[in-house]
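Bear in mind that the values in this text are calculations on the coordinates, not laboratory data. All values derive from a computational prediction rather than experimental measurement. With ideal geometry, Cβ positions are generated from the backbone for all residues, glycine too; neighbour counts draw on all protein chains shown.
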Amino acid sequence: MKQWLKRIPVSAWIWTVLIVALLLFVVTRLDISSLDRGAVTAAPQANVGAVKVAKGLEELPQEADFKTVAQSGQLELKLDAKTGHFNVVDKRNGNVWHSYPDPQQWLTEGQEGTWRNHLRSPVMLRYIDLTGKVTQPKETNLLEEQGKITDITNIDGGFKLTFEMPAKQFTIPIEVKLEGDSIVTKIIDSGVKEGSLSLIWIRLYPFFGAEHSEGQDGYLFVPDGSGALIPYSQNSTNVNRIYQEPVYGLDLSFKANDDPQSRNPITMPVFGAKSGDKGFLSIIEDGAELSDVVASPSGVFSGYNWITAQQNYRSTYKQVTNEAKGRFFTTYNKTDRFKGDRAVRYVLLDKAKANYVGMAERYRQYMIDKYKMQTIKPKNSTKLPMTVSIVGAEREKGLITDRYLKTTETSDAMKIVQRLYGLGIDNMVVNYMGWANGGYSDFGSPAPVDSRIGGTDGMKKFIQFADTLQIPVYLHTNYTQNTSKIGGFNRRQNGLRDLGGTVLENYVSLGYMEKVIEEDIRYFQKLGAAGVTLGVDSPSGSYKSGLGRTVNSDYNSNYPLGREESRKKQQELLQKFKEASLDVRGTQSSSFAFPYVSAIDQLIDDYSYDSFSDTAIPFAQIALHGLVNYSSSYANNRQEYQKQFLRDLEYGSAPAFIFTYESAEEFKNADTLHLYSPDFRDWESQAVQEYQRMNQALGDVQDKFIVNHRTLASEVKETTYSNGKRIIVNYGNSAYTAGGITVKPLDYLIVKGGAAP
């Protein structure tokens, strides 16, 4: 072997060493980027071009460099002009907030390389080079680019400055202001500049309030479903998992793949964090439609728990090259980015309110102040309004023609209402579903009422009968899709288009929808209906789109709308109903619809069961109770009846049932509406019993705010209302006893006033 090695020429050895060295150099220079928007898996970051600094507190801004620039009654804002970072002193309690990770924990931070600089930087971003061959997106920050801070100016309530990164040709002007108990950060869109590279997203002050887990009693609050908590944990096993979701749901025009969406959507543009007696609530204001909420537990990218708003400027889309063969490639739009200022409000909570209840209460007050929302005025001060959804018809898909499944004629609906009223359910709201031609699954152009269930005259008579009992009737419909192929809908002219120009099957442009709604308003008025219930297109599926729920961009040249414009247009359409004196009920509505709806059906009351999040909280319900009526899932469609009944009591949800008059056996083959047990005769006695029990618990707190919610034991929860009433629910299999009270297994207890146990 040694003799063979000796025979290799020296020149060959030299070339071999050079080639290996070159390969090693190339490999170490590769930038492995993390996934795109919506990703939940963290990828390693390449240590390329890291700024070399001594390890220690000198890496962070120095206290002596901060100068006071503004004060409010509650807060004092200080700026370090050298780094662009700020500190805020809360005058109410002495708490100090940093726009960078807590310096007291910095000496134990073990992260190196690019991510160490991310943690120290006031701004980080992702970009891509779209000038030639498409490359992978890359992440950087102000420190990595050895950027500079210019145009520092004091303004009323705060400061303005500009982050410049000449090497990448990015310019990002921002402002920070105090408003009462809040700091408002803003990216000023008119001054954002790109060169040959294209921005994908910006995170401004992403590590505001970031904390290590050691010694901290804290959590991150994420707006997942009704709300969820990510506890601060020292021994995280989720070292590659983060939370990332778009506010107001996925944009269909930028949905680059057809993977099913199993997560609960973000319905409120909020997030927050708590550590000990410190806590903040963030509200994404300007540009919420173009933002993601990103939360990272300790142990993923660093030892810090952090949460932020990611401001998106581009998103991937599917460019079809051969529609017939399903050929396409995924890319970004080089010429245009998403426009608009991006503002995030950080509300600093006083010590007594530094928890998720305090966050929800503060968001409730925000909605009252901003949208002039008012406390509801119950029709009956001791009885809840029970929502009775009645299904007229559905359809079953066939090979040649669809089959019409008639279940409840208008005369049958009259019998259901009369029977329930006679049994004592005298505060009812009727939601008539599946009344359109073709049944429930015919979306988009519902009028008139199908003659097979009674037609226009039959519906008029039913509504008139209900009026004699003071029971309002709402007509349920969905405008987001048009599956009926009637009403003049032409998918190529009137359909929603993605950025690649592809028509999204059955989805309707909002501009066309406006014409349909105006016609339907006149028809609803003719019938004498109390209003309309805005449904979702897939009540049993994973992705649900509906007016007032999701926001989509539209690249149909007849009705072009950006995502923010789409939100505003939906609000205009909701206002049209109100101007016509028609009340509006939403289904799983998002916060931009809250000021326009009197009630929300099927309000989500759970979270997505991520491995890093272990607690569902009623954040949405705490914020809404007393302002908007809401119900959860249909009682006769529950999977775990008693536990979900207890959840309704815990969350303050009004009762709701869905019924058919005829046998629902054939519903197992229904096209869209999949019901477990909708036969009215099987449920009338149970409906009366549940109504009575829920009235006893919740009837007199319809217009009261939820002022506290807490865990008394591992499976015992308590909800407190502003009149002192407490509802304690026990989900466990053993009795709970404390403070002189006992709650039986799988049961609840009503406590009127008095001190908490």
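Please work out whether the stretch 59-371 counts as rounded, prolate or oblate from its C-alpha gyration tensor, where a ≥ b ≥ c are the square roots of the eigenvalues and a/c under 1.5 means rounded, while otherwise a/b larger than b/c means prolate and anything else oblate? Here the stretch 59-371 falls in the prolate category. Of the residues THR456, THR162, the one with the fewest other Cβ atoms within 10 Å heads the list, and the complete ranking is THR456, THR162. For LYS668, the aspartates and glutamates whose Cα falls under 16 Å of its own Cα, not counting residues fewer than eight places away in the same chain, are GLU394, GLU396, ASP402, ASP679. Under the rule a/c < 1.5 gives rounded, and otherwise a/b versus b/c splits prolate from oblate, where does the stretch 704-757 land using the Cα gyration tensor? The shape class here is prolate.
Scalar couplings 3J(HN,Hα) for the stretch 675-683, obtained by applying the Karplus form with A = 6.51, B = -1.76, C = 1.60 to θ = phi - 60°, are 10, 7, 8, x, 5, 4, 5, 6, 10 Hz; x denotes Gly and Pro. In this structure, the pairs whose alpha-carbon distance is over 25 Å, taken from LYS334/LYS515; LYS377/LYS752; LYS383/LYS576; LYS370/LYS717; LYS544/LYS704; LYS55/LYS274, are LYS334/LYS515; LYS383/LYS576; LYS370/LYS717; LYS544/LYS704; LYS55/LYS274.
How much length, in nm to one decimal, is gained on full extension between ASP65 and LYS91, taken as 0.36 nm per residue of separation minus their Cα-Cα distance?
7.3 nm
Taking every alpha-carbon pair under 8 Å whose residues sit at least 6 apart, the chain reaches a relative contact order of 10 percent. Fully extending the segment from ARG693 to ILE368 would add 113.9 nm, taking 0.36 nm per residue of separation and subtracting the current Cα-Cα distance. Helix-derived [θ] at 222 nm for the chain: sum -39500 (n - 2.57) over DSSP H runs of at least 4, divide by residue count, nearest 500? Per the formula, -6500 deg cm²/dmol. Within the shell defined by Cβ-Cβ distances under 15 Å, the residues around LYS379 carry a net charge of -2, with Lys and Arg each +1 and Asp and Glu each -1. The calculated FRET efficiency for ASN723 paired with LYS461, based on their beta-carbon distance and R0 = 45 Å, is about 0.60.
Using 25 Å as the Cα-Cα cut-off, could you pick out the over-long pairs in LYS138/LYS193; LYS278/LYS339; LYS168/LYS568? Over 25 Å Cα-Cα: LYS278/LYS339; LYS168/LYS568. If I fit a long axis through the Cα atoms of helix 510-527 and take the longest principal axis of the Cα atoms of the chain, what angle between them do I get, 0 to 90°, rounded to 10? The answer is roughly 20 degrees. For ASP747, the residues whose amide H sits under 5 Å from its own are ASN730, ignoring neighbours fewer than 5 places away on the same chain, with H placed 1.01 Å from N.
Which of rounded, prolate, oblate describes the stretch 620-757, given a ≥ b ≥ c as roots of the alpha-carbon gyration tensor eigenvalues and a/c under 1.5 marking rounded, otherwise prolate only if a/b is larger than b/c?
Prolate.
Check the straight Cα-Cα distances from LYS526 and name the aspartates and glutamates below 12 Å, setting aside those fewer than 8 residues away within the same chain. Output for LYS526: ASP457. Working note: Karplus 6.51/-1.76/1.60 with θ = phi - 60° gives the stretch 477-487 the couplings 8, 10, 9, 5, 10, 10, 10, 7, 6, 10, x Hz, where Gly and Pro are set to x. Listed from fewest to most Cβ neighbours within 10 Å, the set HIS118, HIS674 follows the order HIS674, HIS118.
What number, in percent, do you get for the relative contact order of the stretch 386-703 if the mean sequence gap of Cα pairs under 8 Å and at least 6 apart is divided by its residue count?
On the way: 601 pairs, mean separation 58.1, N = 318.
After rounding, I find 18 percent.
The aspartates and glutamates whose alpha-carbon is closer than 17 Å to the alpha-carbon of LYS744, local same-chain residues fewer than 8 away aside, are GLU650, GLU715, GLU718.
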